[in-house]
1. Once each part is reduced to its C-alpha centroid, what is the distance from region 31-49 to region 65-122 in angstrom?
2. Mind putting a number on the dipole of region 93-164 about its Cα centre? Charges go on the C-beta only, +1 for Lys and Arg and -1 for Asp and Glu, and I need it in Debye to the nearest 20.
3. Based on DSSP H runs of at least 4 residues, each adding -39500 (n - 2.57), what is the mean residue ellipticity at 222 nm of the chain after dividing by all its residues, to the nearest 500 deg cm²/dmol?
4. Could you check the simple spin-label distance between residue 135 and residue 52, using points 7 Å along Cα→Cβ, in nm with one decimal?
5. Report the one residue of 155, 144, 32 whose Cα lies farthest in the direction of the positive end of the charge dipole of the chain (charges on C-beta: Lys and Arg +1, Asp and Glu -1; origin at the Cα centre).
6. So if we plug the beta-carbon distance of residue 122 and residue 85 into 1/(1 + (r/R0)^6) with R0 = 35 Å, what FRET efficiency do we get, rounded to 0.05?
7. Quick check: pseudo-label points 7 Å beyond the Cα along Cα→Cβ at residue 37 and residue 76, how many nm apart are they?
8. I need 12, 62, 24 ordered by Cβ neighbour count within 10 Å, fewest first.
Amino acid sequence: MSSVFVLPYGPLVIFALRIVDVSLGTVRMILMVRGRRGLSAAIGFVEVLVWIVAVGSALQHLGSSYHVVGYAGGFAAGTYVGLVVEDYLAVGTVVVRAIIPNEASGSTAEHLRTQGFAVTEIDGRGRSGPVGVLNVVVKRAEAPRVVEAVEAEVPDAFITVEEIRSTRRGRLLPSRRISPRLFRK
């Protein structure tokens, strides 16, 4: 197997292995934070197997700057790829909170409900007077639909999307696969 890691392909193989192991590590950490213990452990097992091969090969070729750069470059690229993969998976639950003028609160809440979202309305007071606060708890993949629905009714609404660790009771929409891009235009 050590013949795979000699020049000219060795640095590229190390680079690719580091992309895999660092991407897995990034996804594993995010899943751990969200309480997905079993899946995190399984990913960690594969991650470390790949890491052992990559670091062992890099250490055998420490005299080659190509191998060292392949190792470091794979780490950087793996971090980026891991975040892209996690963004695509859109794992977790979020609360979309919209603060809007009080006169638009009821109609916006009703608009969201007609789209199947469960909405909690709260009366609030802002700098300019009464406001409505709408809370919608959804799977992260559904958050862009909620944001778009609110902005269609109240284009200048103040909207936040916050991660939540767990929920109990209540109602969530069944997840439909959509783009997980929250506020990108």
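1. One Cα centre to the other: 21 Å.
2. Working: 7 positive and 11 negative charges, 35 e Å.
I would put it at about 160 debye.
3. -18000 deg cm²/dmol
4. Going from the residue 135 label point to the residue 52 one covers 4.7 nm.
5. My answer, from the dipole projection, is 32.
6. 0.45
7. Result for the modelled spin labels: 3.8 nm.
8. Details: 12 16, 62 10, 24 23.
Sorted ascending by nearby Cβ count, the order is 62, 12, 24.
Here, each number is a calculation from the coordinates, and none is a lab measurement. Please read these numbers as outputs of a predicted model, since none were measured by experiment. Because the Cβ atoms are built from the backbone with ideal geometry, glycine has one as well, and the counts that use them run over all protein chains shown.
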